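The values are calculated or read from the model by the stated rules, or taken from the named source; none is laboratory data. Note that this is a predicted model, so its numbers are computed, not measured. Positions of Cβ are backbone-derived with ideal geometry, glycine not excepted, and every protein chain shown enters the neighbour counts. Ligands, DNA and RNA are stripped out before the accessible areas are found, and what is left, the full protein with its side chains, is counted by its heavy atoms. Shrake-Rupley method; radii C 1.70, N 1.55, O 1.52, S 1.80 Å.
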Amino acid sequence: MHHALAPAVLDVEASGFGRNSYPIEVGFVLPDGHAYCTLVRPEAHWTHWDAQAETLHHIPRALILARGLPAKEVARQLNQQLAGQTVYSDGWANDYSWLGALFDAADMAPRFKLENLRALLNDAQADQWHTVKAQVSSERGTQRHRASSDARLLQLTLQRLRSLCGAGSQ
């Protein structure tokens, strides 16, 4: 029962939006609560940088250059920890393309499946999503806007919704 309430959730922070953007941080939370987060060092051809995106995620380019892991290493760790799982994301279209860029750069294929978190919600839950997410967020207090804490927030919001609105169509 508990396992079903908490799917694996992944979040990606990126250099910006649009065609030339790329992942700068990847984080996830597993059903058992284990969290993982890493900065991604940009590939040589990943040069796009959006100052507005930086005001949102607060990760300066100098930090990812200094502390980020190479794309190949990040892809390897994701595959190792997520192999065979379905992982959910609330920004599926963006996260899918950013993970695509990561795995392309690593010359590897993901060994897990990324799905839209919306698929886990019935209409009543979807209608309440933003309200409940805001409640859970304020209860948690100030969290760094980072990939793993964002993933945890999504996972907690989903659990709260399911207890409020029933398990839905799953």
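Details
- Counting only protein heavy atoms and using a 1.4 Å probe, the accessible area of residue 45 comes to about 130 Å².
- Distant-in-sequence amide H partners of residue 8 (H built 1.01 Å from N, under 5 Å): 88
- Adding -39500 (n - 2.57) for every DSSP H run of four residues or longer, then dividing by how many residues the chain holds, sets the calculated 222 nm ellipticity at -15000 deg cm²/dmol.
- Rounded to whole Hz, the Karplus (6.51, -1.76, 1.60) HN-Hα couplings of region 94-99, x for glycine and proline: 5, 4, 4, 6, 5, 5
- Percent of beta bridges antiparallel (DSSP, region 1-124, rounded to nearest 5): 60 percent
- Helix 71-82 axis, angle to the chain major axis (alpha carbon atoms, nearest 10°): 20 degrees
- In this rough spin-label picture, where each label sits 7 Å from Cα along the Cβ direction, the residue 86-residue 126 distance is 1.6 nm.
- Solvent exposure of region 4-131 amounts to 49 Å² per residue of accessible area, where only protein heavy atoms count and the probe is 1.4 Å.
- Where only alpha carbons of the chain are counted, the Rg and the Dmax (Å): 15.9, 48
- Accessible carbon and sulfur surface of region 1-146 relative to its total accessible area, %, 1.4 Å: 51 percent
- Here the chain is treated with +1 on each Lys and Arg Cβ and -1 on each Asp and Glu Cβ, and its dipole about the Cα centre works out to around 280 debye.
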